[in-house]
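Participant: Here it is: the structure, laid out below.
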Amino acid sequence: MIESRDSLPEGLRTVDEALHRTRFRILPFLGPAFIACVAYIDPGNFATNIAGGSRFGYRLVWVIVAANLLAMLIQTLSAKLGIATGRNLPEVCRDEFPRRASILLWLQAEAIAMATDLAEFLGAAIGFHLLFGWGLFPSAVLSGVCAFAILGLQRWGFRPFEAVIAVLVGVIGACYVYELVFANPAWDQVLKHAVTPQFGSSEAVLLSVGILGATVMPHVIYLHSALTQDRLVPETDEDAQTLLRYTRIDVVVAMSIAGLINVAMLVMAASTFFNKGLLHVDSLEGAHKTLEPILGGASSALFALALIASGLSSSAVGTLAGQVVMQGFIRRRIPVTVRRLVTMLPAFVVIAIGVDPSRTLVLSQVVLSFGIPFALVPLVVFTAKRRIMGPLVNRRITTVAASLIAAVIISLNIFLLLQTAGLA
């Protein structure tokens, strides 16, 4: 039974209030998944989708569709854990596992969070560099200022922060809608390849593994459970079921938007690069440089703007995830500004010593793959236990599907690690 909470933190409402005191019933439930979906359109996705479209045309659209469907289930499970328990995934791990295990999980999660933030902060800096022609270091400074401004919105509650993230996601989508208009893709081929699985070559298989293997980001699994745990409070089991139903809508809408943006990235690359014989545009700088003579200066500027929006939004979300990880696993908190400064430092070091930022982005994704099992496996195990989940426990078919998905994603990430090390 979900326990009734007599005193709620300021700004929170019960499920009943959300349903009956707002004109549009769905609005109070929207938001958490939009923050989580940012992880699926981060700078790493830009590089992967552009490489897929430029090398293989529309052939791998179905991979993005499949990856997005997997992500919907995983994010729903994370949100459901927060609703059912009133705790986030790191807190449940801390309560269920020995203290030593919790500390080890915290250390690996912090390393993953820093790798995530490195990639996303670098992505924003590259975007400013491409848009204004500045050096990477001043671009990184501007990225830091913008990131602090976005995180500062939390002092006015979660709604302003969610609104800014939603706007940034909208900016990314709008930029790609504009580019698709000028790219003039073959929509019949896009629809065909969205539902027709095929590879055609071993290289396409490897790139597909990259797209699928990077589908689930560990930090956003931790974060989504925290975003729903105290946002709207279920006072009864029926309230919890209602909240979960609307949460599923939030996840489907947000993840569909993220999926469509990813498809747009690949379709744009296929329509502009592949169709013109430019088969090896696989870096952010290369894509920006190549777009201008094909679609005009506006398209290259919009590409850079979308990359900035992606980097800033995903970087802010990554910082929040780091807070959740520390508080959940070891019951410690540090000011968000301190965390932001610490996680920015590696990006400035990379830029200062002249390391290739695109190569750094790739390596950070490899580091991320190490953290997948430590977030995904506990999530599947916990949501399958009635003792923890109560009436929101997974149905057997859900547990089986989630277990298969976890096995596939973990296997793909292991394959990616071996392939990166030259062992596969």
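The values are calculated or read from the model by the stated rules, or taken from the named source; none is laboratory data. Small disclaimer: the values here were computed from a predicted structure and weren't measured. Methodologically, a virtual Cβ is constructed for each residue, glycine included, from the backbone with ideal geometry; neighbour enumeration extends over all protein chains shown.
Participant: Would you check which residues across the stretch 178-197 are at pLDDT below 85 and either loosely packed, with under 13 Cβ neighbours inside 10 Å or in contact with an Asp or Glu (Cβ under 8 Å, 6 or more places away or on another chain) (or both) and list them?
Facilitator: Within the stretch 178-197, VAL181, ASN184 meet the criteria.
Participant: Mind checking whether some residue in the stretch 216-223 is surrounded by fewer than 24 Cβ atoms within 10 Å (Cβ to Cβ) and part of a helix (DSSP H, G or I)?
Facilitator: No, the conditions are met nowhere in the stretch 216-223.
Participant: Among the residues of the stretch 82-132, how many are under 26 Å from ILE388 (Cα atoms) and among the acidic types (Asp, Glu)?
Facilitator: Here the count works out to 4.
Participant: Using the structure shown, decide if GLU162 is under 14 Å from ALA264 (Cα atoms) and either part of a helix (DSSP H, G or I) or at pLDDT 85 or above (or both).
Facilitator: Here the answer is no, as GLU162 does not meet what is asked.
Participant: Would you list the helices (runs of 4 or more DSSP H) that sit entirely within the stretch 228-333 and hold 2 or more residues that are modelled with pLDDT of 85 or more, touching a Leu at 6+ places or on another chain (Cβ under 7 Å) and farther than 29 Å from ALA79 by Cβ?
Facilitator: Once the helices (runs of 4 or more DSSP H) in the stretch 228-333 are filtered for at least 2 residues that are modelled with pLDDT of 85 or more, touching a Leu at 6+ places or on another chain (Cβ under 7 Å) and farther than 29 Å from ALA79 by Cβ, what remains is 237-272, 297-330.
Participant: Note down all Cβ pairs under 8 Å where the first residue falls in the stretch 260-273 and is within 14 Å of SER300 (Cβ to Cβ), the second is outside any helix (DSSP H, G or I) and among the hydrophobic types (A, V, I, L, M, F, W, C), and they're at least six residues apart or on different chains.
Facilitator: Here the result reads ALA269/VAL281; THR272/LEU278; PHE273/LEU279; PHE273/VAL281, each pair linking the stretch 260-273 to a residue that is outside any helix (DSSP H, G or I) and among the hydrophobic types (A, V, I, L, M, F, W, C).
Participant: A further question on this structure: Does VAL338 satisfy the criteria of being in contact with a helix residue (DSSP H, G or I) (Cβ under 6 Å, 6 or more places away or on another chain) and either in a helix (DSSP H, G or I) or modelled with pLDDT under 75 (or both)?
Facilitator: no
Participant: If you don't mind, there's one more thing I want to ask. Mind listing just one residue for me: the one in the stretch 147-163 that is surrounded by 16 or more Cβ atoms within 10 Å (Cβ to Cβ), within 19 Å of the chain's Cα centre (by Cα) and among the hydrophobic types (A, V, I, L, M, F, W, C) and, of those, farthest from LEU232 (Cα to Cα)?
Facilitator: ALA147
Here is a yes/no grid of residues against (1) touching a Cys at 6+ places or on another chain (Cβ under 9 Å); (2) touching a residue at least 60 places away in the same chain (Cβ under 8 Å); (3) over 23 Å from LEU266 (Cα atoms); (4) not hydroxyl-bearing (Ser, Thr, Tyr):
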| site | (1), (2), (3), (4) |
| --- | --- |
| PHE56 | no, yes, no, yes |
| VAL63 | no, yes, no, yes |
| ALA66 | no, yes, no, yes |
| THR85 | no, yes, yes, no |
| LEU89 | no, yes, yes, yes |
| LEU107 | no, no, yes, yes |
| THR116 | no, yes, no, no |
| LEU130 | no, yes, no, yes |
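Participant: Something else about it: Tell me which residues, restricted to the stretch 176-191, are in contact (Cβ under 8 Å) with a residue 60 or more places away in the chain and part of a helix (DSSP H, G or I).
Facilitator: If the condition is that a residue be in contact (Cβ under 8 Å) with a residue 60 or more places away in the chain and part of a helix (DSSP H, G or I), then TYR176, VAL177, TYR178, GLU179, LEU180, PHE182, ALA183, GLN189, VAL190 are the ones that fit.
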